[in-house]
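Scroll down for the structure; my scribbles are underneath it.
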Amino acid sequence: MTRIPALDPDWTPEAVVFDCDGTLIDSEQHWQRARAIVLRAFGHAPDEEFAQRAKGLHYRDCGALMAELVGAPEHTEDMTQQLLSAFRSLVAREAVTTPGARELVWTLQRVAPLAVASNCPEDVVRFSLESVDLLKYVRNIVVPDDSIRPKPHPDTYAEAVRRLGVPGSNALAFEDSVNGMKAAVAAGLRVVGLGPRPATQDADLAELWVDSLDDPALVDWAASRPTARAGRPETPAGDTADAKVPRPGGPTRQDPAGTS
């Protein structure tokens, strides 16, 4: 497995910020299918080039890109809403975590507070995380709004660490898209890149590249952080002080049983 220098064994993050789609939730397949559904309704079929251009885009930018592709900019808003509707329906039928996501969240929420920074609407992020029983471990969810620009701008990550009360330089981000990595780096965070390491200068955006969140080196690093082996995890914000936080279970991409 190819990687640039591993995460510093002497460094422990004071906060961890995850991307959602493609990082925690195996939802890129749903976005691809949703885009295909909308484009085919307009007589077009997406190709690999379009898929790469669309990956990591804010959903509104993706709607605009689809309208541009079909030569109908006047349908941008309609295509955007159709895209969201199709995606929600697909996630509702099958919400699945990426390999290793559940276990890594379980480990790291005992090390530092967690947040999610996403380009998706907040209700979609909450629904996705709740569907796989991960929402309770997340302190904050940050998505674009009138004052927070989408990735690749740094705003979502900068706001996430601000809410957690931690400087960006003391936080770690997990991302599967170049746009997301650029946003995290611009906000000062260290980054773990999920997926094949690019052959371009984009490879320098991440300190560590892993094929999945169950990468042995990443798992060992996370498990060796101070407090990672503490007996009782910190109660997530919004839960009662005596709430029981069971070790998470449920479907992953490798174990889809139980999805609906």
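Every read-out reported here was derived from the displayed coordinates using simple, explicitly stated rules and does not represent laboratory data. Just so we're clear, the structure is a prediction, and the values are computed from it rather than from any experiment. Cβ coordinates were reconstructed from backbone atoms using ideal geometry, including for glycine residues, and neighbour counts include every protein chain displayed.
Numerical summary
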{"read-out": "Angle in degrees between helix 155-164 and the longest Cα principal axis of the chain, rounded to the nearest 10", "value": "30"}
{"read-out": "Distant-in-sequence amide H partners of ILE141 (H built 1.01 Å from N, under 5 Å)", "value": "VAL116"}
{"read-out": "Dipole moment magnitude, nearest 20 debye, segment 1-55 about Cα centre, only Lys, Arg, Asp, Glu C-beta charged", "value": "420"}
{"read-out": "Radius of gyration and maximum dimension Dmax of segment 150-227, Cα, Å", "value": "12.6, 37"}
{"read-out": "Whole-Å distance, taken between Cα centres, linking segment 168-198 and segment 138-158", "value": "14"}
{"read-out": "Protection proxy ranking of 59-67, 138-146 - average other beta-carbon atoms within 10 Å, highest first", "value": "59-67, 138-146"}
{"read-out": "Nearest-ten-degree value, helix 59-69 long axis tilted from longest Cα axis of the chain", "value": "30"}
{"read-out": "DSSP-defined beta bridges in the chain - what % are antiparallel, rounded to 5", "value": "10"}
{"read-out": "With Cα atoms, 0 to 90° folded angle of helix 76-93 axis to the chain main axis", "value": "50"}
{"read-out": "Rg/Rg_globular for the chain, with Rg_globular taken as 2.2 N^0.38 Å and Rg from C-alpha atoms", "value": "0.99"}
{"read-out": "Total lysine pairs under 19 Å (Cα atoms) in the chain, excluding pairs fewer than 8 apart on one chain", "value": "4"}
{"read-out": "Unit charges on C-beta of K, R, D, E only; dipole of the chain, Debye", "value": "540"}
